[in-house]
Amino acid sequence: MGFPMARRLCEAGHTVHAWNRSPDKAERLRPFGASVHATPAEAARDADCVLTMLDNGAVVEQVLFDRGTAPAMRPGALVVDMSSIKPAEARAHAQRLQALGLRYVDAPVSGGTLGAEQGTLAIMAGGSSADFAEAGSFLTALGRPTLVGPTGSGQLAKLANQMIVGVTIGAVAEALLLCEKGGADMAQVRAAITGGFADSRILQVHGQRMVERDFAARGRMTVQLKDMRNALSTAAEIGFDAPITTALEQLYADGVAHGEAELDQSALFVELARRNGLV
């Protein structure tokens, strides 16, 4: 995700300084005009806006604080974290950055690698309207940014997105497998219900992957499981009962335990097929 996003920023005419924990990944940005640095602190030192796209909240904390990145930033710089983390983590990071004289917007995305490449990401932002307006000067090169509330709200919206994605993948997989076990042609069933109330981007994209048994990772099972668990953790914090997400979290966990960790999230199909003797 980070590479096509940074490339689009370069192509939009922004001055981009890049760092990645795997240096070879950052080096791929040089042909597009980016400056590549050996440490995150060096990359962020003179930036007006610092964008992070990392695996989880613990890694974001490590990069911003343990590696000395935030203290190296110029006073008043804006941090835009586009990683998918817990809302509570986003609020904690914002407080620590504010203590250093820095500003913060949480802006996780949806749309996958394809959306990142095409600049069509859905961007859910939390923070002040002024900081969001400043972030919008470059976020529009990546997709469609929307301010959904105060700090942490962007992450809350992303959890809602991932709950819908995770549950819908499960519904599509279960429905298609039911048809296969009953003797119908899965591909034709998918075509037949296209355009009806059951149609969705999940049916079109992930459903096609299921029909083709194409589970090469775009969004990994482990990432979907992380997001489901973050959603349940947040639900527990605010006293919200989420039984549907709870059931799907267990299915994704079973899939990961059965060797599907590095497959695409649509590989939940494999777990459900296993349960029904259809592997």
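Points to keep in mind about this one:
- The set of residues from the range 33-48 being outside any loop (DSSP other than H, G, I, E, B) and more than 17 Å from residue 7 (Cβ to Cβ) comprises 40, 41, 42, 44.
- Number of the exception - residue 115 against (1) within 26 Å of residue 206 (Cα to Cα); (2) in contact with a helix residue (DSSP H, G or I) (Cβ under 8 Å, 6 or more places away or on another chain): (2)
- Residue among 51, 29 that alone is touching a strand residue (DSSP E or B) at 6+ places or on another chain (Cβ under 6 Å) and under 24 Å from residue 92 (Cβ atoms): 51
- Annotation note: Cβ proximity below 6 Å between a residue of the range 10-21 that is closer than 10 Å to residue 138 by Cα and a residue that is not in a loop (DSSP other than H, G, I, E, B) (sequence gap 6+ or interchain) occurs for 14/138.
- Residue check for residue 94: outside any strand (DSSP E or B), surrounded by fewer than 19 Cβ atoms within 10 Å (Cβ to Cβ) and in the same structural domain as residue 143 (by TED's automatic domain parsing): no
- Pairs with Cβ under 7 Å, 6+ apart, first in the range 31-43 and under 14 Å from residue 77 (Cβ atoms), second small (Gly, Ala, Ser) and crowded, with 18+ Cβ neighbours inside 10 Å: 41/72; 43/18
- Scope the range 124-146; condition within 22 Å of residue 57 (Cα to Cα) and either assigned by TED's automatic domain parsing to the domain that holds residue 235 or surrounded by fewer than 19 Cβ atoms within 10 Å (Cβ to Cβ) (or both); matching residues: 128, 146
- All of (1) in a helix (DSSP H, G or I); (2) modelled with pLDDT under 95; (3) over 15 Å from residue 162 (Cβ atoms); (4) hydrophobic (A, V, I, L, M, F, W, C) hold for residue 278 with one exception: (1).
- Some residue of the range 37-59 being modelled with pLDDT of 95 or more, of a type in the set (A, V, I, L, M), closer than 21 Å to residue 144 by Cβ and within 18 Å of the chain's Cα centre (by Cα): yes
- Subset of the range 54-85 (residues that are surrounded by 20 or more Cβ atoms within 10 Å (Cβ to Cβ), of a type outside the set (Asp, Glu) and not in a helix (DSSP H, G or I)): 54, 73, 77, 78, 79, 80, 82, 83, 84, 85
The values are calculated or read from the model by the stated rules, or taken from the named source; none is laboratory data. Source: prediction; values computed, not measured. When we count neighbours, we look across all protein chains shown, and the Cβ atoms used for this are built from the backbone with ideal geometry, even at glycine.
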